[in-house]
Structures are given as C-alpha cells and as structure tokens.
Amino acid sequence: MSETMRDLVANLPAYLGGHMLLSVAALAAALAVSLPLGVAASRRPRLAEVSLAVAGVIQTVPGLALLALLMLLLNERTGFLPAFLALALYGVLPILANTVVGIRGVDPALTEAARGLGMSGRQTLWRVELPLAAPVLIGGVRTATVLVVGTATLATPVGGQSLGNYIFAGIATLNHASTAFGCVAAALLAVGLDQLVRLLEVAARRRSRRLACAAAAGLLLVVAGGLYEPVSRWLGGGNRAVVACASFTEQYTLSHALARRLEAAGFHTERREGMGYGMLHVALRRGDVDCMVAYTGDVWTMLMKRQDFSERESMRAEVVRFLEEEYGVVCVGRLGYENAYALAITRRRAEEWKVDSIADLARRGQPLRIAGDIGVFHRPEWQRLRERYPLGNAEPVTMDQSLTYGALAAGEVDAVLAYSSDGRIKLFGLQLLADPAEVFPPYDALLLVSRAAAARPGFVDAVRPLVGAIDPDTIQEANGRVDVGQQPPRRVAEWLLDKIESGTRR
C-alpha cells in the first residue's frame, strides 16, 4: 500500500465518524419533526399544503448557501450545529411527503371498520394507518438517507468533519486519490445505508418480523461502527486541542505541524480542515478552534475593512492590536514568510510580450482573461488592481486556486492571481510580475491562538518554535513537495518540523 493510501485509510475513522454522526443525528431529527407533522397534515389539507411548500422551498436552497445562512442565524456558530441543522432541514421533505401520501393512501373502508370495532383515533393511527403506510413512509426515509449522506460532504467549509474533508483536501492539493477516495467512501456509505433501509421497507410490505430484525441489526452495526471514533474521542475527553486550517496546501501542512507540536506536549488534537477562511476567524474568536495560521493582508482587508495600506511593520502592529482587542485572539508571532497575491504569467509570455511588471502588462492594452480563486475578485485588491493599472477590460475567471496554474499553462487564461508561496510557480514556469503601484498589501503569516487556549498551561510554548522559523524558500519547497511531489501534508509537516529543529540546534 502506498504512503498516500495509508494516510487516507488512517484518516477514515475520524472522517467517517464525523460523517456518520452528522447524518444519523440529522435523520433522527428530520424523522422526529416530519412524522408527527405528516400525520397532522394528512388530516388537514391546508396544513399539508403549507408544510410541503415550506419544506420544498428549503430543498431548493443550495447546500453551501444553507450552511452559511444557518451559521449566521446561529450567531456565527461553526462546526457540528449548523451542519446538523442544514442536513435535518434537507431530510424533512421526503419523509414528510411520504408520510402524508402513505396515510392518505390507506383504504378508507379499513379506517371505518376500525372505528366500527370501537378503536379510538389514536388506536386507528397506530394499529391500522401507520402499519399500512409503513412501506411508503420508509421509502421517504430511504430518499432522505441518500440525500443527507450525500449532502453531508459539504459540511467541511463550516468546520463540520465528514468524508468531504477528503474531497476538499484533494481538490486543494491536486491529490486525485484523496478526491476519489472521499467520493467512493461517501457513495458506499449512502448505498449501504440505503440498502439496509430498503430491507426495512421490504419487511414492512411482507409483514416479516424476522427480516425487519435483520435489517435493524445491520443498521445498528453499521451506525455503531461508524460512531466508534467520535464516541471514544468524546469519552476520552482530556486535554483537547482543535487546530483549524483553510482549504489550500500550506494550511494543510501547517495544521499537521501544529498538531504534531501539540501532541508532543500532551494534547489530544483534532483538526478542522478545509474551512472557509473567514469562518476560521469566526471560529477562533468564539473558541470553537484553538489555533490557526492567518495572514496580515487578509485581516486588514476582510476583518478590519481597511483599504489604505501602510508600511509592513506598522501594518502588522495594527493587525495584532486589532486581533487582540476586537477579536480576543492572541498573536504568538510571525512565522517568517508571507503568502501574498501576485499577478503571474508564463515566462514564455513574459519574454514574448517583454513585460516584467503589471504596469508593462497593462500598457499592452489588450483584453486579458485573469483567473483567480473564488473570493479574490470580491476583495479590495482586485478593485485596486483595476484602478491603479488600466485593466478595466480584464475578464475575471473564477475557479479553484489549484486549477488556475494548469489553465494558464494550457493557454485557457492569460494571467493568474497567484499565491506567492505556491510550490507550483516553478513547476509551471511562471513569472511573478512586479507591483510598482503596491496594489497588494503584505501578507505575513501569523500564528494565532484563541484566548482560552493561550491560558492553558503549555499550549503557547508547544507551538512557539514555529515562530520565525519558516522562510519563504522553505514554505515554497514544502508546498512543492505536496503539490508537485504528491507527498501527503502529514509527511511534509514532519519534514518541516525536522528542518526547524535542526536549524534550532545549529
């Protein structure tokens, strides 16, 4: 088995456990809401019309949009809760609709006969209507199961742990094995649970208690196996530390490095990988995560809403003061490098067009297709770029950052807004253009710790050795080992820590 596959399998208990916990909890909540509501709606046409319409509207909201909306409604909560509520809402419609259809489909003669035998309304419901409607109702549960298990992969950006962690990490690091592994694992889980629920449906149609017991036992075994890791982690309790990272290469590597340092100091670590970058800061402020790596330019523009850029040292001092006073976050220090935005073109184009700076590129006066990540074209830097240089006719092309370099090399775009520390810059033979108008602010990497974590004995001391220990060449080599060499971020983190420790000894 390759090292990459060993890493994927090693993460399976945690990711599968998080996915199972989210899915089972959401399905249980959806069933608890939909079943009584469906019974009531089957007797009241107006209630059925309204409840099905509301559930249908919720179903049309895209998964990530619903997660983001719930996070805001929950006072910027991240992690399990917004993901659980979103999945529960998605599970309501199929169960509700099938409950209404199933009960309404019971032959009225049978309910009349039940009343003629002296049964109360409740007895008629439990002894006649629900047993006869059970196959249709369980069919709704089947649909909800597949829907919820599939959608749970989207919980990663808001800090929910799931099999989606494989997918988001694979996309960010161009690790196709990780992406495929996550997709296959989620599909197998959905199909497996669907088939077990189908056995319950068949048992209900055949009135077979033995088949129902076998299906229930299978479900219990699969769910218990999946939940073993999160339950054992919860029971273990102890000195827990949560390390979070955004969905790009160096963040994955640094999260592993921080986790290794904390584990060596006796902490039990949990990594929240692939979170949305803005959500990382929210989670850190709330204490949902304990530490992360951030960048001064992001804090300056995203959190402080500043568009005036100052000298590097004074800007960093203002950022640190803002984080500590407004966000209650402790800045342990600067890691030693920056990961700034930079406009890049291929070296072949640079020589052909005779350009060394963004100003040279703008003077050509030709329309440009510029690729960038999902958020960059909504940032002040993009507006400043178009204002300071005559690039008003530039066409922004939005795609995942990991795909922009390949698009540039293939000639699909003319330039990319690159990350200056990216290891793929050398691989694709790119040239970073000078920025004489200083459109892009400094993006020094900062190690941030929540106030609660900073107060815990040994926490800051465990992560402090990374401060000032990572230079630009080192982080670019580390990123290249992942993106170009296809080494797992865990292994590259070990290499990085070894290099830091050897440099400290010297």
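Here the condition is being at pLDDT 90 or above, of a type in the set (D, E) and touching a Cys at 6+ places or on another chain (Cβ under 9 Å); of E324, E338, E273, E263, it holds for E324 alone.
Candidates E270, E263, E229: the one that is in a helix (DSSP H, G or I), closer than 23 Å to L12 by Cβ and either touching a strand residue (DSSP E or B) at 6+ places or on another chain (Cβ under 6 Å) or free of Cβ contacts under 8 Å to residues at least 40 places away in the same chain (or both) is E263. Looking only at residues that are among the aliphatic types (A, V, I, L, M), surrounded by 11 or more Cβ atoms within 10 Å (Cβ to Cβ) and outside any loop (DSSP other than H, G, I, E, B) in the stretch 105-125, which one is farthest from the chain's Cα centre (by Cα)? Here the answer is A113. Here the strands (runs of 3 or more DSSP E) wholly within the stretch 410-504 that include at least 2 residues being closer than 23 Å to R312 by Cα, in contact with a strand residue (DSSP E or B) (Cβ under 7 Å, 6 or more places away or on another chain) and touching a residue at least 60 places away in the same chain (Cβ under 8 Å) are 415-419, 444-450.
Restricting the search to the stretch 345-393, which residues are touching a residue at least 40 places away in the same chain (Cβ under 8 Å), in contact with a strand residue (DSSP E or B) (Cβ under 8 Å, 6 or more places away or on another chain) and within 12 Å of L417 (Cα to Cα)? The answer is I345, I358, R369, I370, A371, G372, D373, V376, E381, L385. The single condition among (1) under 17 Å from P157 (Cβ atoms); (2) buried (at least 19 other Cβ atoms within 10 Å of the Cβ) that S34 does not meet is (1).
If you filter the stretch 154-172 down to residues that are of a type in the set (V, I, T) and buried (at least 24 other Cβ atoms within 10 Å of the Cβ), you find that the one that is nearest to the chain's Cα centre (by Cα) is T156. Screening D308 on (1) farther than 24 Å from L430 by Cβ; (2) outside any loop (DSSP other than H, G, I, E, B); (3) without any contact (Cβ under 8 Å) to a residue 24 or more places away in the chain; (4) not aliphatic (A, V, I, L, M) shows it passes everything except condition (2).
Counting the residues of the stretch 306-331 that are buried (at least 18 other Cβ atoms within 10 Å of the Cβ), more than 15 Å from Y443 (Cβ to Cβ) and either out of contact with any helix residue (DSSP H, G or I) (no Cβ under 7 Å at 6 or more places or on another chain) or β-branched (V, I, T) (or both) gives 2. The set of residues from the stretch 287-305 being assigned to a loop (DSSP other than H, G, I, E, B) and under 20 Å from the mean Cα position of the chain (by Cα) comprises G287, D288, V289, D290.
The values are calculated or read from the model by the stated rules, or taken from the named source; none is laboratory data. All values reported here derive from a predicted model rather than from experimental measurement. Quick reminder, even Gly has a Cβ in these numbers, built from the backbone with ideal geometry, and neighbours come from all protein chains shown.
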